[in-house]
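J.: Here you go, one structure.
The values are calculated or read from the model by the stated rules, or taken from the named source; none is laboratory data. This structure is a prediction, so every number in the text was calculated from the model and none was measured. Heads up, the Cβs are rebuilt from the backbone with ideal geometry, glycines too, and the neighbour counts pull from every protein chain shown. Ligands, DNA and RNA are excluded from the accessible area calculation, which covers all protein heavy atoms including side chains. Shrake-Rupley method; radii C 1.70, N 1.55, O 1.52, S 1.80 Å.
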Amino acid sequence: MATKGVSMTDAGPRTWGARLTAVATVSLLTLTCVTAAGAPAFADPPVDLTAPVTDSAHVLSDEQEGEIEAALEELSDSRDIDLQVVFVDTFDGMDGPAWATATFQKSGMSSNDVVLAVAVVERRYGYHEETSVTSDWASEIASKKVEPQLREKQWSAAALAAIDGYQSDGPAFPWGLFSLIWAVVLIAVTTPWLLLWRRRLRRRRSTEQDVLDQRHSLAKEVVQLEEDLGAATTEAEYAQADLGAREAAHLHKAIDDARTALGGSSSALELVPTQPARRPAAAAVLTKHKVELQQQSDSLKRASARLSTATNQVRTARTLVAKPEMIQELAARIGALHLAHADVSALVRAQAGSRPAWLQARLVDLLSAGSEQVKKAQHSIEHVGPLLTQGKAAQASRLWTAAVDTFHQGENTLARVADPEAVRAEALTALDPLRQQLSQLVRTSQDELGNFSDYVESAHKIDREEEWASQRPDALASAISGAQALLRRPPDAEVDPADQTRQLDSAIDLLDDAVRPYLAIAQALRARRQASSSGSSSSRSSSSSSSRSSSSSRSSSGGGRF
């Protein structure tokens with residue numbers, strides 16, 4: 001529906017403030033077909049992993065992702081270890097091991113499962129595993145196989161290095177104990193096979209439920225697309241009458257694609273049961289169902305998006321043909337925005353000496369971006385009318401939409417420039433994640449510093465006595481003190497946030513390097529205690545096959561910067 005425009009060409013306001021008020025008032029009028037674009041997310045909280053490879057950071061090619069998935073499948077078949085790899089931008093203020101552990105738990109993972117997480121922007125990584133390999137070997141995989149590849153930004157090679165590492169239990173694996181355990185297992189062959197069967201049955205039952213959930217979701221998508229298809233078919237009939245066959249052809253093509261996608265999805269739904277079976281299907285069959293349902297869901301989403309775009313374009317074209325005065329109204333509003341932008345630009349430059357240099361630079365950058373947005377809007381709206389006159393309604397519709405979008409972008413940019421304090425607050429708030437990360441690292445470092453004496457006394461137990469004989473707590477205490485002093489100072493509005501970011505990054509790196517030896521010995525001692533406990537438990541339960549099975553896996557976490 002079109003709304004009556006307010007002329008901006010009459011004797012307008014003489015001051016930039018008044019013109020801003022005028023522009024803000026006029027912008028309350030409703031425009032047809034306004035498209036909202038979502039803001040990008042800058043942080044990645046722990047996730048529920050649903051695929052072997054999750055590449056939210058978009059660092060892998062399709063070929064690399066396929067190579068990793070093939071290697072993961074081979075690892076699962078040969079070692080019964082399910083490793084999942086996830087690449088994100090950041091760890092949302094958490095350290096790598098904590099993020100990996102949280103993702104492991106959120107994904108419902110358990111024995112024989114591993115998560116390797118990499119934050120490519122923060123250059124951090126972490127892992128959490130519950131497998132039969134030793135903690136020392138898991139740590140060696142991370143530090144000697146994975147980390148060197150990450151330093152060179154060889155993301156795919158890092159994942160493959162981790163997979164290769166878990167293909168064995170490591171050079172220090174106790175093969176004698178392993179052989180003894182297997183001898184006992186072979187004697188009590190019936191019980192282990194029963195436990196294995198039950199575990200596989202639970203996995204298949206879980207996979208079956210995933211398939212049923214996918215089927216339910218796809219069925220809902222089918223219903224929604226059928227409704228959209230009905231509306232699009234009606235719109236196509238109107239377009240045929242109002243715009244002609246040529247202008248309606250694009251919508252007819254989108255309708256045909258949507259019907260094809262619906263046919264494929266309906267066929268896939270018929271092949272998948274609607275209720276759990278008394279005995280789940282084979283793992284290969286369930287996996288095939290999952291892949292097919294996902295492919296059909298992706299196809300349906302693409303067809304739905306194309307149908308929605310084509311329908312909106314035709315609807316907009318019909319509206320413009322019926323109400324060409326909308327073009328003049330938008331052109332007037334863009335002209336008023338251009339005048340307001342010029343006034344604000346002059347005022348910002350006139351007040352340059354009253355604000356910090358970094359803030360002035362940001363305002364000037366915003367003004368430049370806003371100027372480009374206004375120019376694009378003017379260029380687009382100038383061509384809408386001529387295209388309609390030439391009978392090219394579809395092209396006119398696309399340019400109209402572009403003009404509306406860039407006009408609103410220009411409005412939003414101008415509003416930001418008009419509020420320098422909001423720009424200042426936004427820049428300083430962006431420092432919060434780094435301050436939180438540094439604060440968490442300070443708490444961890446304080447805990448580890450308190451354990452220094454215990455580490456010195458225990459170093460000989462893990463053959464690190466010589467290393468810790470030269471270790472001094474002064475370096476860690478100094479790094480903690482420096483970080484605390486930095487955190488006590490609130491963000492300074494007079495100092496460029498980029499400089500403050502560099503200070504925080506430097507403090508994080510310094511403290512991370514200082515506490516790393518403490519975390520390494522703590523992890524080694526935990527692994528030794530777990531190995532000792534596992535050995536004792538195995539001895540006590542030599543007559544119990546279920547106890548032997550439960551002591552075969554343990555958990556460990558690790559990671560850091562690269």
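J.: How large is ³J(HN,Hα) for each residue in the range 83-96, as worked out from phi by the Karplus curve 6.51 cos²θ - 1.76 cosθ + 1.60 (θ = phi - 60°), to whole Hz, x for Gly and Pro?
T.: Ordered by residue, 3J(HN,Hα) equals 9, 10, 10, 9, 10, 10, 7, 9, 9, 6, x, 8, 7, x Hz.
J.: If you don't mind, there's one more thing I want to ask. So how do 268-277, 408-417 stack up, highest first, on mean other-Cβ count within 10 Å?
T.: Top of the packing list down: 408-417, 268-277.
J.: What list of ³J(HN,Hα) values in whole Hz, one per residue of the range 221-229 in order, does the Karplus curve 6.51 cos²θ - 1.76 cosθ + 1.60 (θ = phi - 60°) give from phi, with Gly and Pro shown as x?
T.: Rounded to whole hertz, the list is 5, 4, 4, 5, 5, 4, 5, 4, 5.
J.: Accessible area per residue, 1.4 Å probe, Å², for the range 208-257: what's the number?
T.: On a per-residue basis, 54 Å².
J.: Could you give the C-alpha radius of gyration of the range 191-313 expressed as a fraction of 2.2 N^0.38 Å, taking N as the number of residues it contains? All intermediate terms of the calculation are to be shown ahead of the outcome.
T.: Details: Rg = 20.0 Å, N = 123, 2.2 N^0.38 = 13.7 Å.
Its radius of gyration relative to the 2.2 N^0.38 Å reference: 1.46.
J.: Given an 8 Å cut-off on Cα distances and at least 6 residues of separation, report the relative contact order of the range 398-524 as a percent.
T.: 36 percent.
J.: Convert each backbone phi in the range 482-493 into a coupling constant with the Karplus relation 6.51 cos²θ - 1.76 cosθ + 1.60 (shift: θ = phi - 60°), then list the ³J(HN,Hα) values in order as whole Hz, x for Gly and Pro.
T.: Computed from phi, the couplings for the range 482-493 are x, 5, 5, 4, 5, 6, 5, 8, x, x, 9, 5 Hz.
J.: In nm, to one decimal, how far is the Glu237 label point from the Gln328 one, both placed 7 Å along Cα→Cβ?
T.: Simple spin-label model gives 3.5 nm for this pair.
J.: How many Å² of accessible area per residue for the range 100-168, probe 1.4 Å?
T.: 36 Å²
J.: Among the listed pairs Lys106/Lys301; Lys220/Lys376; Lys144/Lys290; Lys220/Lys392, give every one whose C-alpha distance is greater than 32 Å.
T.: In this structure, Lys220/Lys376; Lys144/Lys290; Lys220/Lys392 exceed 32 Å between Cα atoms.
J.: Here's another thing I want to ask about it. Based on Cβ point charges of +1 for Lys and Arg and -1 for Asp and Glu, what charge dipole magnitude is obtained for the range 275-382 about its Cα centre, in debye rounded to the nearest 20?
T.: In total the dipole reaches around 740 debye.
J.: Can you give the local net charge around Gln500? Use residues other than it whose beta-carbon is closer than 12 angstrom to its beta-carbon, Lys and Arg +1, Asp and Glu -1.
T.: -3
J.: Give the Cα extents of the range 359-472 along the principal axes, in whole Å, largest first.
T.: 88, 33, 17
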